[in-house]
Amino acid sequence: MKKCICILCAALALCLSGCENHEVESNAFPLALGVAAEQDGGFHMYMAYPDLEDPDAADDALSGDAYWDESLDDLSEGTDLMSKASSRNVDMNHLKVLILDGRMLDDGVNAECLIRFFCEKKDMAWNAYVLLTDGEMENLFSEETQLNSCLGIYLEDLLEGWENLKSGSLITVGDLVSQYYNRNETLLIPVVSIEENRPVVENFAVVSDLCVTGEQSMEEVLAR
């Protein structure tokens, strides 16, 4: 993953130094994607992507985010709505993390819509890590968070920094899609919340048959 970050950062820096402003502003590279199920039906999608208009972006293109969110009936509408609202082309190839509200897995119809969305989006990064959250989506995708990097980069570094975590334990989008069709494993998915305006992970959701069935503490998971 680190190599991909360096390539993205170099590409953005080159873009900022060598392109006209309208060319820079015409692209968005979401590094964090959030999807929540709304109580009255439909979904709410969130994106955090490097803010290339920030004055500090010329020195560090991954130092901060711009945010977009919208309610929608069909997940496939998300990138199109974001493009129209912001006049930016959305490139999902560099996605680092997918954050799901727990209700996305508790409802079979929601899970099916999510999997179909990823299968139909040809430019989606299936190696993005999956996290769950419980009612914290708006706080995660917020300018109130106090980070020194983009949300997607911050969370990727957090996950990959657990030295005692068994290799291969972190769940990716590809793993989630595989389990939707095979249903042959129990997954442990990090649960992210906000403390003092920073994302933290203190426990993992136990997911079986793509339904949350329990919870394990960080200590229990690292001791496995």
P(r) of region 97-154 over all Cα-Cα pairs, 5 Å bins starting at 0, rounded to whole percent, reads 4, 15, 21, 24, 19, 10, 5, 0
Return the FRET efficiency for the residue pair residue 126, residue 217: r is the Cβ-Cβ distance, R0 is 35 Å, and the value is rounded to the nearest 0.05. 0.75
On the formula 1/(1 + (r/R0)^6), with r taken between the Cβ atoms of residue 73 and residue 148 and R0 of 41 Å, the FRET efficiency rounded to 0.05 is 0.65
Please sort 123-131, 75-83 by packing, taking for each peptide the average over its residues of neighbouring beta carbons within 10 angstrom, highest first. 123-131, 75-83
Surface per residue (accessible, 1.4 Å probe) for region 127-207, Å²: 48
To the nearest 0.05, how large is the calculated FRET efficiency for residue 138 and residue 162 if R₀ is 41 Å and r is the Cβ-Cβ distance? 0.95
Describe numerically, in nm with one decimal, the distance between label points set 7 Å from Cα along Cα→Cβ at residue 26 and at residue 184. 4.7
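The values are calculated or read from the model by the stated rules, or taken from the named source; none is laboratory data. Bear in mind the structure is a predicted one, so any value in this text is a computation, not a measurement. With ideal geometry, Cβ positions are generated from the backbone for all residues, glycine too; neighbour counts draw on all protein chains shown. Heavy atoms of the whole protein, side chains included, go into the accessibility calculation; ligands, DNA and RNA do not. Shrake-Rupley method; radii C 1.70, N 1.55, O 1.52, S 1.80 Å.
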